[in-house]
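Working notes, structure below.
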Amino acid sequence: MKTMTAPQESVARQGISMNGLRLIRGQAAVFVRFAGLGSGVTLAASAVLVLLSQRIPWVAANALTTVASTVVATELHARVSFGHGRPGLACHVKSAATVAAGWLGTSAAVGVLAALRPDAGLVLQQTVYLTATALVGIGRYLVLRLAVFAERTRTPRTGGGVRVRAAYDAAA
């Protein structure tokens, strides 16, 4: 068994930390793209909602913009945020499920606030809503990154089988 000298161990540790730093930077860049694209789509959808709601009932306008913005965001996140390529129907359905779960989460947060503090002012309501939205956004990012748009690589397994694993360290 060969042992490393102190300088070799230092270089090895530094290499590990450099790879870790690259991985963190790569994931941070992915998250920034995700947040930027998501925010842009949300702002655009808000403007479209205002325009549509002047011509059709607000509930219908909201439903249309929610569906359209979810499809657009899924396409952008798959292609730009995660570099996954064009998402299929299954990815769109899973992404829509994260949007539905997020809507339930933010609605629950505001509903709990209304039950506990019926006299809550606008600032507290918006603080609760925006905090819930931020948490939902982080959760949505994690689900999309780790499950929906995770890169899949095939790695041979001993015994001739094939093992599928997520390649999260692609940036390293």
Full-extension gain in nm, R79 to S53, via 0.36 nm per residue minus C-alpha separation: 6.3 nm
Karplus-derived 3J(HN,Hα), 6.51/-1.76/1.60, for each residue of the stretch 109-114, Hz, glycine and proline x: 4, 5, x, 5, 4, 4
Heavy atoms of L89: accessible area, 1.4 Å probe, square angstrom to 10: 140 Å²
In Å², nearest 10: area of F34 left accessible to a 1.4 Å probe: 20 Å²
Solvent-accessible ranking of I138, I24, largest area first, probe 1.4 Å: I24, I138
Taking N as its residue count, the alpha carbon Rg of the stretch 50-133 over 2.2 N^0.38 Å: 1.36
Heavy-atom accessible area per residue - the stretch 17-132, 1.4 Å, Å²: 62 Å²
Simple spin-label estimate for R25 and V110 in nanometres, 7 Å along Cα-Cβ: 4.1 nm
With all protein chains modelled, accessible area of V71 [1.4 Å, Å²]: 70 Å²
Modelled FRET efficiency - R0 22 Å, A63 with S39, Cβ distances, 0.05 increments: 0.55
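The values are calculated or read from the model by the stated rules, or taken from the named source; none is laboratory data. Small disclaimer: the values here were computed from a predicted structure and weren't measured. Positions of Cβ are generated from backbone atoms using ideal geometry, with glycine treated the same way; all protein chains shown enter the neighbour counts. Accessible surface is based on the protein model in full, side chains and every heavy atom, while ligands, DNA and RNA are left aside. Shrake-Rupley method; radii C 1.70, N 1.55, O 1.52, S 1.80 Å.
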